[in-house]
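None of the figures in this text is laboratory data; all of them are computed from the coordinates on show. Keep in mind the model is a prediction, meaning the values are calculated, not measured. Counting neighbours? That spans all protein chains shown, and the Cβs are built from the backbone with ideal geometry, glycine included.
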Amino acid sequence: MAAATGVELGAEKSYVVQSRLSILARTLGFGHVRDLMSEVVTGKTPGLQERVVDALLNKETFFFRHPETFEALRRHILPQIQASPGRSGPIRIWSAACSTGQEVYSIAMMLADAGLCQRDGDVEIMATDYSLSAIEQAMQGSYSQLEVSRGLPAPCLLRFFRQEGHRWLVAPWLRRNIRFVRSDLFSGMVLPGFFDVVFCRNVAIYFSDAGKERLYARVARSMTPGGYLLVGGTECASRHSSTLFQEQWKNVVYYRTKVGQ
Ligand SMILES: C[S@@+](CC[C@H](N)C(=O)[O-])C[C@H]1O[C@@H](n2cnc3c(N)ncnc32)[C@H](O)[C@@H]1O
């Protein structure tokens, strides 16, 4: 698991591992987790190891998770970016480890609320995740009633989604500036340019200290000078990076690369 994704699963997670693998074993028709793992070891079933890694990843997410972060984007970060001297071109945002997409659509809804995302090319958003199942759902922008009931205000549901059967689908116009790519944060994937804002939340917590250093080094390299990094509530990027500096707006802590770096 750590070799594939950098995610560390310590002994204290053994219950979680067992229960996730039991569900996968049952879904794939194996009598027992033992049988599933024996099959993985043989390497005879293409893609099986990937399914196991995917099943073990924690993909927990919901709309407007930690709403203050989105408030900071809307009221503090976007105005600062828009006011920066000599700035031109689209605002570029990366949702790194976007899971099933609730984070990136929350960003897009916030941008739409600020009058952006309305026409082609005023923003460019990239959303990446290691998990194939997660990125596929993110790409489809299709959510259950339970998923939309987690964090999504009713006016947003009505404005940005339409119902189709039991699912809620994100409006195509909100999706059109978002590019979804399945990608490992540690891979050498070349990112298309630099980002003004990076959301990298609730993923570093699963990495070792060395993994966190590698992650934040990569993120910092992908940011514009003076770019903004938003992390999860319990994460601290500046502890694992010498190029990211902590700032705060209200009670939201965020990180920036040096201007002119
Ligand atoms: C707990 S979710 C967080 C989702 C979202 N950022 C949020 O805060 O709600 C963590 C995500 O990180 C992804 N992930 C874990 N290791 C990864 C790696 N090495 N590369 C890319 N994504 C990874 C998982 O697939 C999962 O979707």
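Here is how the numbers come out for the structure above:
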{"quantity": "Antiparallel bridges, percent of DSSP beta bridges restricted to the chain (to nearest 5)", "calculated": "40"}
{"quantity": "Exposure proxy order (Cβ contacts within 10 Å, fewest to most) of 200, 236", "calculated": "236, 200"}
{"quantity": "Mean-position separation - Cα centroids, segment 143-182 and segment 202-222, in angstrom", "calculated": "29"}
{"quantity": "Taking segment 174-239 and dividing mean pair separation by its residue count, relative contact order in percent (alpha carbons under 8 Å, at least six apart)", "calculated": "42"}
{"quantity": "For 30, 199, order by how many other beta-carbon atoms lie within 10 Å, fewest first", "calculated": "30, 199"}
{"quantity": "Relative contact order (percent, whole number), the chain, Cα cutoff 8 Å, 6+ residue spacing", "calculated": "18"}
{"quantity": "Count of lysine pairs in the chain with Cα separation under 20 Å (8 or more residues apart, or interchain)", "calculated": "4"}
{"quantity": "Where a label projected 7 Å from the Cα of residue 259 along Cα→Cβ would reach, residues of segment 217-231 with amide N under 14 Å", "calculated": "225-228"}
{"quantity": "Relative contact order for segment 126-193, counting Cα pairs under 8 Å that sit 6 or more residues apart, in percent", "calculated": "49"}
{"quantity": "Spatial separation of Cα centroids for segment 78-121 and segment 233-261, in angstrom", "calculated": "19"}
{"quantity": "Counting DSSP beta bridges with both ends in segment 48-186, the antiparallel % (nearest 5)", "calculated": "35"}
{"quantity": "Nearest-20 debye value, segment 167-231 charge dipole, Cβ charges on Lys, Arg, Asp, Glu", "calculated": "340"}
{"quantity": "Helix-only CD estimate at 222 nm, as mean residue ellipticity for the chain, using -39500 (n - 2.57) per DSSP H run (n ≥ 4)", "calculated": "-10000 deg cm²/dmol"}
{"quantity": "Exposure proxy order (Cβ contacts within 10 Å, fewest to most) of 98, 156", "calculated": "156, 98"}
{"quantity": "Cα lying deepest toward the dipole's positive end in the chain, options 62, 82, 41, charges on Cβ", "calculated": "82"}
{"quantity": "Acute angle (nearest 10 degrees) that the helix 14-27 long axis makes with the longest principal axis of the chain, alpha-carbon atoms", "calculated": "70"}
